[in-house]
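The values are calculated or read from the model by the stated rules, or taken from the named source; none is laboratory data. Quick caveat: nothing in here was measured; it's all calculated off a predicted structure. Note: areas computed on protein heavy atoms with side chains; ligands, DNA, RNA excluded. Shrake-Rupley method; radii C 1.70, N 1.55, O 1.52, S 1.80 Å.
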Amino acid sequence: MSVSSLVTYQVKPGRMDDFLASIREAKEVIEGLAVNLQSIHAFRAAVAGANTGRVHVEFVYGDMSDWGETYVREMNDPDFNAMLSRATGPNSPAELIGRGLQAEIGPSAGSGTGSVIHAAVGTAKPGRMNDYLSLIDDINGKVLEHGAERVRHLMMTAAGPLTGYIVALTEYRDMAALGEVWVSETNDPTYGPLIESIIGPDGPIVPQSQAILTRLPLKRATC
């Protein structure tokens, strides 16, 4: 199962272009050092309560050993450390909020990717993790049936006070598609009971938060 390194930033006012330029630089450096790096994506929290506006950068590796070897390479690379110093210095375009690791806890479903992601965060009740895992295939099939592009299930494995939290990420083509899917799900008499079986009073998951994220471009613009 894949492992994601997730880094969260608060971009300073008016510095988004500078921030994206720094992330593109980091992407090139990290791609040169990484072991089995599968993808790098950046997302802005478009609808997330008090956390609206924060940016999450996700680096996905094949497994924990790939991430560990990459980390050692980065810490021993002078170019990476120079870049890190610039990124955390007083003139940096963003403030580092936190970082953590997320491990995939079930196979992703769907082959597409989307520009909008719904993130549902929760915690498993004591002794109920297997109950949640047994429902993953059902929820995957249902959201894809209604038009989602892909769904992933992750657990925060090294994330400070958020360690142990479960994250379900559902991708949609765009914001309009998200709205269409949600309307379709609302009109499906089988959808509500399925969600209730997961986060209802007798379900295995206690919901903690939700957010809608939009993907940020990491490719350099071409003339």
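Points to keep in mind about this one:
- GNM top mover of V116, V181, V72 - the chain, alpha-carbon springs below 10 Å: V72
- Average accessible area per residue (Å²) across the chain - probe 1.4 Å, nucleic acids and ligands excluded: 51
- All aspartates and glutamates inside 15 Å of K142 as judged from Cα atoms, apart from same-chain residues fewer than 8 positions distant: E171, E180, E185, D188, E196
- Solvent-accessible area, 1.4 Å probe, carbon plus sulfur percent, for the stretch 54-182: 56
- For the stretch 92-223: relative contact order, % (alpha-carbon pairs under 8 angstrom, 6 or more apart): 36
- Across the stretch 32-41, coupling constants 3J(HN,Hα) worked out from phi with the 6.51/-1.76/1.60 Karplus curve, θ = phi - 60°, read x, 9, 6, 10, 6, 6, 8, 6, 10, 9 Hz, and Gly and Pro carry x.
- Residue-level accessible surface for E196, protein heavy atoms, 1.4 Å, Å²: 100
- As a length-normalised measure over Cα pairs under 8 Å and 6 or more apart, the relative contact order of the chain settles at 26 percent.
- Under 26 Å from K12, Cα to Cα: lysines that are on another chain or at least 8 residues apart: K27, K219
- When only Cα pairs below 8 angstrom with a gap of at least 6 residues are kept, the stretch 153-223 shows a relative contact order of 13 percent.
- Listed residues E180, E104, E149, most fluctuating in the chain (Gaussian network, C-alpha, under 10 Å): E180
- Solvent exposure of T214, expressed as accessible area, is near 40 Å², computed with a probe of 1.4 Å over the protein chains only.
- With DNA, RNA and ligands ignored, accessible area of L20 (1.4 Å probe; Å², nearest 10): 20
- The distance from the alpha carbon centre of the stretch 165-195 to that of the stretch 101-142 is 13 Å, rounded to a whole number.
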